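Below is one structure, written out as structure tokens; the observations come after it.
The values are calculated or read from the model by the stated rules, or taken from the named source; none is laboratory data. Everything numeric here is computed off the predicted structure, so don't read it as measured data. Virtual Cβ from ideal backbone geometry, glycine too; neighbours counted across all protein chains shown. In case anyone asks, the SASA skips ligands and DNA or RNA and just uses the protein heavy atoms, side chains included. Shrake-Rupley method; radii C 1.70, N 1.55, O 1.52, S 1.80 Å.
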Amino acid sequence: MQIALLQDLRYTLRTLRRDAGFAMFAIAIAGLGIGASTTVFSVVDALILRPLPFADPGRLVWIANHDTSGMSGQTTQVGHMLDLRERTRTLSGVAGYMAFYGVGDNLLSGRGEPERLSGVPVSGNFFDVLGVQPERGRTFTPEECRWQGPKAVLLSHALWVRRFDADPAIVGTALILNDEPYTVVGVLPPTFDFASVFAPGGHFDLYFPFPLSPETNQWGNTMAMIGRLAPGVTAAQAQADTRAIAAQLTREHRTDRNDFEGFVKPLADQVNGRMRLALWVLAGAVGAVMLIVCANLSNLLLARTAARQKEIAIRTALGAGRGRLVAQMLTEGIVLSCSGALLGVVVAIAGTRALARLDAVSVPLLQRVHADGAALAFTLAVAIVTGVVFGLAPAFHAPERALHDALKDASRGSTGRSTWLRNALVISEIAFACVLLVGAGLLLRSFMRVLDVDLGFRPAQAITMRIDADASYDTREKRLAYIDEALRRVRELPGVESAGITDALPLGKNRTWGIRARGTVEERGRSTSTFVRIVSDGYPAAMGIPLKAGRDISSHDGPSSQPVIVINETMARTLWPGQDPIGKVVLNACAKERTVVGVVGDVRHLALEQRSGSEMYIPLRQCGDMPSTDLVVRSTQAMAPLVAAVREALKPIAPHLPATGARSLQELVDRSVSPRRLVVLMLAGFALFALILASLGIYGLISYSVGQRTQEIGIRMALGASARDVQARIVGQTLGLAAIGMAIGAIASWGVARSLSGLLFGVTPTDPLTFAAMLAVLGSVALLAGYVPARRASRIDPLVALRVE
């Protein structure tokens, strides 16, 4: 057995070396297909199959307040969290982090160039519940977790290596953050990446203790909660227990806390639930591509086997049985596919590295995508299966009468026996390509519809950067003076059209308050939930948000003037349908009144696919606390010189302004649609690859058919058939095969498209334009693939053709 296998292997290598062009072409097709399969497997493995990078991750759950996507609906008050931790019997631990952290909130100075770092305040037991232990040092002590306790900080592993050269003595030293000393108590392990799990697309450098105290409870819904199931408890049991406790807490604290409903689900569902359908779609697309690869290579091997009929006949005459011939054909298929797998590994490594480095893509856990041992095992399995599948067709078509036919030099009979199989393979390629084209077309059309939505603001020609005042501006009056001076300096720059400040940009952070119109009585918990933006004068103009009625916020809306508010159109319609909202009064949860002075257009807050809700803009100068400050500048200048000019203008009042952190508003939009863009690009790439393979399959089949029918074509032309008649006959055969494939593919596409409905936006699964475009593209490709050999056939010299045999 081993001797026979070695003989087949040596013979295969000799024959492939003689036919190097065929071998390289087959290896390239198999390699690209296997590489794409391995890349998608690595993504699916990292995002879905592999457990979360925590201890016993199956017991971790996400605990939301309300079943909504807004951050204020997901978060809970500190008091509710503490009471839940005390009363629950189904959760062994409840922890959380302050969800309204600011990106770039923390200015690191005193060691090298100033740098803005992102930090997350977490409860003292946050890392214990996750099962994460510091690589160096410790986590936070109870004293550090008290209100106004000792200032402590944990470093991410990436920051420790990048900024401090992995200094082993970093623990216990002091860092100057926002002009205050913080003691480094530990360094987290490299396996812990908060952003990849809880804030895809971002990065975090620091972790602070968040005090669970009466003071922080007054801040409202701020805590994003996680929990660990007690032994033997399911998520459903924890859900029922948490809902019961939440109902008790809401009744007990009806007057001094916000409502708490309590929704529990596995943390893995919270992290990757939204991407799961898209990833399985990509996995299905890769499966279709591999079937097309197998069909294409089977056709190639069939053609090669037909050309080797005399060789096979001689081997049969020398005593080789059918089983021996089948084994030889399978060996050739497996050798080709395994050779292609080597190329596929290179493709997969390059592909996974490129995906893992896509910092601008907000897909959870994308950074841990890589071609590991599991991916290599998958590659080997795919290579073997592929080799067997595309080797079966020629293996079982080794002609039983090869010796008789070959010696008579009349192999046309055997050619006829394999014609149906060749046709079936090409039809299957077209059908699979049809399914991929429809799927890619629907998602591409959805993506274009998403990009066409009215954002409510104009991202072009606008930039934003963080310009928080440093610790020297230690009073509210000084911070207001800083903001006034910063805006004045920026607005005086050449080319600047407008500039303003906000505490939260669209498609990023979101915060909601419950509000109602004065004179109305609403049941507690049913007030209108409204997005809140604290802004300066000039912000709507800098963002390109149109003013619809009334006036904008002005620099005169200060602490001593009438409390005012600007609202969006949705809020106006919700609170005062059919009325003029200017001059009307709204009340927030604290019963504080604000008069509406203007109405602006709606802005997409959470995602481009989600319509705007109610929104209100509060003058920054009328707020008790001074929030983080994002400067927005609209200018006719290009981004790079504008950023440099802004930094230079602010240098006298902000000498420690970091050299990084500026971004265009378009980057906010691009990051918001990045998951959809990634899926569309990958699926479109697979569809294009499938289309190329299908066209090669059609071309190969028709070319082979023309070669086998050379004498027949010569006779027809000798009897008076014109070149146009020959071309029409061959092109008609091509289009006939394509029509069958497209009909089968269209039926299959209809069913597949319905399963994609969860990923579609503004497009129906039966979108006629997409199906029509698919038929047009495939029909055109089939026509071109058939026309080239048809044109060559029409130039056959009848006299030469008649001498073929």
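Treating cross-link reach as a plain straight distance, find the aspartates and glutamates whose alpha-carbon is under 18 Å from the alpha-carbon of Lys651, omitting any fewer than eight places away in the same chain.
Within reach: Glu113, Glu115, Asp179, Asp468, Asp470, Asp484, Glu485, Glu492, Asp630.
What percentage of the solvent-accessible surface of segment 606-687, computed with a 1.4 Å probe over protein heavy atoms, is contributed by carbon and sulfur atoms?
Answer for segment 606-687 is 57 percent, counting heavy atoms of protein chains only.
What does the charge count around Arg353 come to, taking other residues whose C-beta lies under 14 Å from its C-beta (Lys +1, Arg +1, Asp -1, Glu -1)?
0
How much accessible area per residue does the chain have, counting only protein heavy atoms and a probe of 1.4 Å, in square angstrom? List each step's numbers first, then the result.
Working: 34670 Å² over 805 residues.
With all protein chains present, the chain gives 43 Å² per residue.
Give me the net charge of Val161's neighbourhood, meaning all other residues with Cβ under 13 Å from the Cβ of Val161; Lys, Arg count +1, Asp, Glu -1.
Values: positive: Arg136, Arg162, Arg163; negative: Glu135, Asp165, Asp167, Asp205.
Net charge around Val161: -1.
Quick one: with all protein chains in place, what share of the accessible area of segment 64-192 is carbon or sulfur, to the nearest percent (1.4 Å probe)? Could you put the intermediate results ahead of the total?
Details: 2670 of 5240 Å².
Of the solvent-accessible surface of segment 64-192, carbon and sulfur hold 51 percent.
Carbon and sulfur: what percent of segment 420-466's accessible surface (1.4 Å probe)?
Answer for segment 420-466 is 66 percent, counting heavy atoms of protein chains only.
222 nm [θ] for the chain, helices only, -39500 (n - 2.57) per DSSP H run of 4+, per residue, to 500? Provide the component values of the computation, followed by the final result.
Working: 25 runs with 409 residues, N = 805.
-17000 deg cm²/dmol, from helical runs alone.
Return the distance in nm (one decimal) between the two label points of a simple spin-label model at Glu477 and Ala230, each offset 7 Å from Cα along Cα→Cβ.
Label at Glu477, label at Ala230, 5.7 nm between them.
If we count every other residue with Cβ under 9 angstrom of Gln461's Cβ, Lys/Arg +1 and Asp/Glu -1, where does the sum land?
With Lys, Arg at +1 and Asp, Glu at -1, the net is +1.
Please give the FRET efficiency for Val388 paired with Leu49, using the beta carbon to beta carbon distance and R0 = 25 Å, rounded to the nearest 0.05.
The value I calculate is 0.50.
Please give the charge dipole size of the chain, origin at the Cα centre, charges +1 on K and R Cβ atoms and -1 on D and E Cβ atoms. Round to the nearest 20 debye.
Charge dipole, the chain, about its Cα centre: 2800 debye, nearest 20.
Between Thr574 and Ala244, what is the FRET efficiency for a Förster distance of 25 Å, r being their Cβ-Cβ separation, to the nearest 0.05?
With R0 = 25 Å, the Cβ-Cβ based efficiency is 0.15.
What are the DSSP H helices in the chain that stretch 27 Å or more along their long axis, judged by alpha-carbon atoms, and whose average Kyte-Doolittle hydropathy comes to at least 1.0?
Helices meeting the criterion: 20-44, 267-307, 322-356, 373-395, 674-708, 768-794.
Could you tell me which of the pairs Lys151/Lys265; Lys151/Lys592; Lys509/Lys584; Lys265/Lys509 are separated by over 32 angstrom between their Cα atoms in the structure shown?
Lys151/Lys265; Lys151/Lys592
For segment 666-805, what log10 I(q)/I(0) values come out of the Debye formula at q = 0.09 1/Å, with one point per alpha carbon and no solvent?
-0.43
Can you compute the FRET efficiency between His656 and Asp128 using 1/(1 + (r/R0)^6), with r the Cβ-Cβ distance and R0 = 35 Å? Round to the nearest 0.05.
Step by step, r from the Cβ atoms, then E = 0.50.
Taking H placed 1.01 Å from N in the peptide plane, check which residues at least 5 places from Lys548 or on another chain put their amide H under 5 Å from its amide H.
Val599, Val600, Gly601
Ratio of alpha-carbon Rg to the 2.2 N^0.38 Å globular estimate for the chain, to two decimals, please.
1.21
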